[in-house]
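Undergrad: This is the structure I want to talk about, given as structure tokens.
The values are calculated or read from the model by the stated rules, or taken from the named source; none is laboratory data. All values derive from a computational prediction rather than experimental measurement. No Cβ is skipped: glycine too gets one built from the backbone with ideal geometry, and neighbour counts run over all protein chains shown.
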Ligand SMILES: *Cc1c(COP(=O)(O)O)cnc(C)c1O
């Protein structure tokens, strides 16, 4: 079923990824970060995708599927707003009606995201609470209107086939990366590093390399104020297995199995679960996972800004932060690819006002 769908949309998707999203995104050789770290640093520039993050790859593909299924109404849930904005834009492009569920707490924190979704023609439906509540509400709404509305999953979590679809649509990142690495140095990277909020940009760049045993796959989660403070979003490192939103995965939960509230300076990292597929890669040992604190992420943001003139989203800054620990352990001449999942203009105020210790 999924394979048939993918086959049907392939041509239209390829054209739209090129002309609408602006793919392929560059694999940029970061000379000054390379000089700083003594390891070759390459940045996969998802920040240059339309609307400034990898989210568009998936939103666009699924909007095409909704259209091909003959559905004219799309619903989705958003936390920080990135997925809501990408979905609203994709729906505008295809003339689909769009309703975005968003927690009232998130709406207060991100008023400009709400404005942007409205400008893009979406209806924003407030849900008491935060992202997890908005997700529950949107899934409820979907199950009541199956066959009428299309639920556009934003990341590789939730009931099957959502995680598979999102991973498939994001894996364009890894396919391009392999091709670009082959062009640039005729090989594969020694390590691929990506931030892990719920896992879509990480799976997007990892998937292509899972079967290359020489390529280390490194996920960096948000340690927030610290893993032992309870104020973090490091689900793989500190979570326990549970069932949530229709899938079994690692989750941040208390002793009674109630979902706890994640924290990160990168708001897109604040999800209490993680992609089941990443949970699997953790359990098989194929993927390594580490975490970076709020402070380390903010420092990395400033470092990349000053050394490369690139503002990485605070989410992606967690991946950059881990270079401090990774690079000294890598052999001479190692090649490291970082997934820059999005652009950091949205975070300038947070970073500017963050106290320097
Ligand atoms: C949403 C978002 C993330 C986190 O989501 P993943 O599913 O883990 O990729 C990371 N970076 C940016 C820029 C985002 O918008």
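Undergrad: Of the numbered conditions (1) within 16 Å of the ligand (Cβ to nearest atom); (2) over 15 Å from the mean Cα position of the chain (by Cα); (3) on the phi > 0 side of the Ramachandran plot, residue 199 fails exactly one; give the number of that condition.
TA: (2)
Undergrad: Which of the residues that make up region 63-74 are in contact with a helix residue (DSSP H, G or I) (Cβ under 7 Å, 6 or more places away or on another chain), in a helix (DSSP H, G or I) and within 19 Å of residue 122 (Cβ to Cβ)?
TA: 63, 64, 65, 67
Undergrad: Do we have residue 48 as within 16 Å of the ligand (Cβ to nearest atom), under 30 Å from residue 181 (Cα atoms) and surrounded by fewer than 21 Cβ atoms within 10 Å (Cβ to Cβ) here?
TA: Yes.
Undergrad: Sort out which residues of region 242-263 are part of a loop (DSSP other than H, G, I, E, B) and without any contact (Cβ under 8 Å) to a residue 60 or more places away in the chain, and write them in order of number.
TA: Result: 252, 254, 255, 256, 257, 258, 260, 262, 263.
Undergrad: Go through (1) away from the ligand (no atom under 16 Å from the Cβ); (2) within 26 Å of residue 80 (Cβ to Cβ); (3) out of contact with any helix residue (DSSP H, G or I) (no Cβ under 8 Å at 6 or more places or on another chain) and name the single condition residue 147 misses.
TA: Status for residue 147: all satisfied but (2).
Undergrad: Next question. Scanning for something in contact (Cβ under 8 Å) with a residue 12 or more places away in the chain, part of a helix (DSSP H, G or I), assigned by TED's automatic domain parsing to the domain that holds residue 175 and within 20 Å of residue 184 (Cα to Cα), does region 43-60 turn up at least one residue?
TA: Within region 43-60 (the criterion being in contact (Cβ under 8 Å) with a residue 12 or more places away in the chain, part of a helix (DSSP H, G or I), assigned by TED's automatic domain parsing to the domain that holds residue 175 and within 20 Å of residue 184 (Cα to Cα)), the answer is yes, since at least one residue qualifies.
Undergrad: Could we say that residue 229 is assigned to a loop (DSSP other than H, G, I, E, B), loosely packed, with under 15 Cβ neighbours inside 10 Å, in contact (Cβ under 8 Å) with a residue 24 or more places away in the chain and away from the ligand (no atom under 14 Å from the Cβ) here?
TA: Spelling it out, it is not the case that residue 229 is assigned to a loop (DSSP other than H, G, I, E, B), loosely packed, with under 15 Cβ neighbours inside 10 Å, in contact (Cβ under 8 Å) with a residue 24 or more places away in the chain and away from the ligand (no atom under 14 Å from the Cβ).
Quick grid of which residues meet (1) loosely packed, with under 15 Cβ neighbours inside 10 Å; (2) in a strand (DSSP E or B); (3) in contact with a strand residue (DSSP E or B) (Cβ under 8 Å, 6 or more places away or on another chain):
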{"site": "101", "(1), (2), (3)": "no, yes, yes"}
{"site": "106", "(1), (2), (3)": "no, no, yes"}
{"site": "116", "(1), (2), (3)": "no, no, no"}
{"site": "121", "(1), (2), (3)": "yes, no, yes"}
{"site": "137", "(1), (2), (3)": "no, no, yes"}
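Undergrad: Looking at region 201-217, can you tell me whether even one residue there is without any contact (Cβ under 8 Å) to a residue 12 or more places away in the chain and either crowded, with 20+ Cβ neighbours inside 10 Å or part of a loop (DSSP other than H, G, I, E, B) (or both)?
TA: yes
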